[in-house]
Amino acid sequence: MCAQPASVSIDDIRAASARIAGRILNTPLVPSASLQEMAGVPVYLKLEHHQTTGSFKLRGATNAVLSLTSAERARGVVAASTGNHGRALAHAAKAEGAVATVCMSRLVPENKVAEIRRLGAEVRIVGNSQDEAQEEVGRLVAEKGMVMVPPFDDAAVIAGQGTLGLELVAQLPDVATVLVPLSGGGLAAGVAAAVKSLNPRTRVIGLTMERGAAMKVSLDAGHPVSVEELPSLADSLGGGIGLDNALTFSMCRHLLDDVLLLSEEEIAAGMRHAYGAEREIVEGAGAVGIAALLAARVRSSGPIVAILSGRNVDMTLHRRVINGATSVQGEVAA
Ligand SMILES: *Cc1c(COP(=O)(O)O)cnc(C)c1O
């Protein structure tokens, strides 16, 4: 017997789309004249960084919260993310009258703490590392019955992110290539599942940074592996995929046509192009599609869609990148 690996289907994604309708924005798909000129085929930008809370993560978090039973919702949801998933979960829970608790270490900067509070979550500060914050999540699940909503390796989260794929195929039925930012793979798995089930010939390419690309290293190894985490302009793409990964690793393995790695310089160039040519403020993770096109790393025989996945970048860092910096520290690479 050969058990099918667990997966998320187009039916799950359609159900998620119906569930979250009216609670998330349908984001614009706009043509990019400058990128079309370089690529030689039509290029469109999916402006998902305009999503409420500044990233696509609201789709998955909203679907996860709405999929809870009323008893579960009453006990509240919990996560350890201080980034886009934490923001999204805080907003999604508040919108449904549920309490979200976000655990974070003492090292998290005050502005991030304030932002998560502003979005309506309870903040619990514990320990000196992300691992200790994650242990606190486990404790709250075990002792208070709170429901953990993981950032990517969860069927409801993946189905929610997949609604972005449904939406872009409705906007551009003849899309030939989709460029998807890739970290834990919730976005890529959901988008690829949707797009390929509607149009099996569309290519879906995952894009991530050279520095600490856990999914790429895992795909090459044939099993989840952990990699050293390094600072990157694409900070939202950092972190591992989990050695006990249940869904996103196998889905990415089966559904992605390719994974490309971008250097810090290429990601910085993507952010600059987004700002200068497209008048869009995107964070590093959101700029990898533009970066790959600028670096002439993408071949496509038909229309390309690049997903701009988020805009939550520190504005001082953004200004430095616009002014020519190509690293988190701000030195210009030789
Ligand atoms: C989380 C995130 C990603 C990566 O999504 P995964 O589902 O972890 O692969 C990409 N871009 C932004 C802005 C994000 O917040």
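Can you tell me how many residues within segment 29-51 are within 16 Å of the ligand (Cβ to nearest atom) and outside any helix (DSSP H, G or I)?
Counting residues in segment 29-51 that are within 16 Å of the ligand (Cβ to nearest atom) and outside any helix (DSSP H, G or I) gives 4.
Looking only at segment 52-84, count how many residues are within 12 Å of the ligand (Cβ to nearest atom), in contact (Cβ under 8 Å) with a residue 40 or more places away in the chain and in a loop (DSSP other than H, G, I, E, B).
Within segment 52-84, residues that are within 12 Å of the ligand (Cβ to nearest atom), in contact (Cβ under 8 Å) with a residue 40 or more places away in the chain and in a loop (DSSP other than H, G, I, E, B) number 3.
Can you pull out every residue in segment 113-150 that is in contact (Cβ under 8 Å) with a residue 40 or more places away in the chain, touching a helix residue (DSSP H, G or I) at 6+ places or on another chain (Cβ under 8 Å) and surrounded by 13 or more Cβ atoms within 10 Å (Cβ to Cβ)?
Passing the criteria: Leu119, Met146, Val147, Met148, Val149, Pro150.
Using the structure shown, decide if Thr69 is modelled with pLDDT of 95 or more and farther than 16 Å from Met148 by Cβ.
Spelling it out, it is not the case that Thr69 is modelled with pLDDT of 95 or more and farther than 16 Å from Met148 by Cβ.
Looking at Leu261, Leu247, Leu256, which is the one that is surrounded by fewer than 19 Cβ atoms within 10 Å (Cβ to Cβ), of a type in the set (A, V, I, L, M), within 15 Å of the ligand (Cβ to nearest atom) and within 17 Å of the chain's Cα centre (by Cα)?
After ruling out the rest, the residue left standing is Leu261.
Are any of the residues in segment 3-21 in a helix (DSSP H, G or I), surrounded by fewer than 19 Cβ atoms within 10 Å (Cβ to Cβ) and β-branched (Val, Ile, Thr)?
yes
Here are Gly212, Gly240: which of them is within 16 Å of the ligand (Cβ to nearest atom), crowded, with 17+ Cβ neighbours inside 10 Å and under 23 Å from Arg311 (Cβ atoms)?
The conditions single out Gly212.
For Glu110, are the conditions met, namely being touching a residue at least 12 places away in the same chain (Cβ under 8 Å), surrounded by fewer than 17 Cβ atoms within 10 Å (Cβ to Cβ) and over 26 Å from Leu243 (Cβ atoms)?
no
Do you know which residues across segment 158-195 are in contact with a Pro (Cβ under 9 Å, 6 or more places away or on another chain) and more than 14 Å from the ligand (Cβ to nearest atom)?
Selection gives Gln171, Leu172, Asp174, Val175, Ala176, Thr177.
If I filter segment 305-327 down to residues being away from the ligand (no atom under 13 Å from the Cβ) and within 19 Å of Phe56 (Cα to Cα), which single residue comes out as surrounded by the most Cβ atoms within 10 Å (Cβ to Cβ)?
Val305
The values are calculated or read from the model by the stated rules, or taken from the named source; none is laboratory data. The shown structure was predicted, so the numbers you read here are calculated from the model rather than taken from an experiment. Note that each Cβ is placed from the backbone with ideal geometry, even for glycine, and that neighbours are counted across all protein chains shown.
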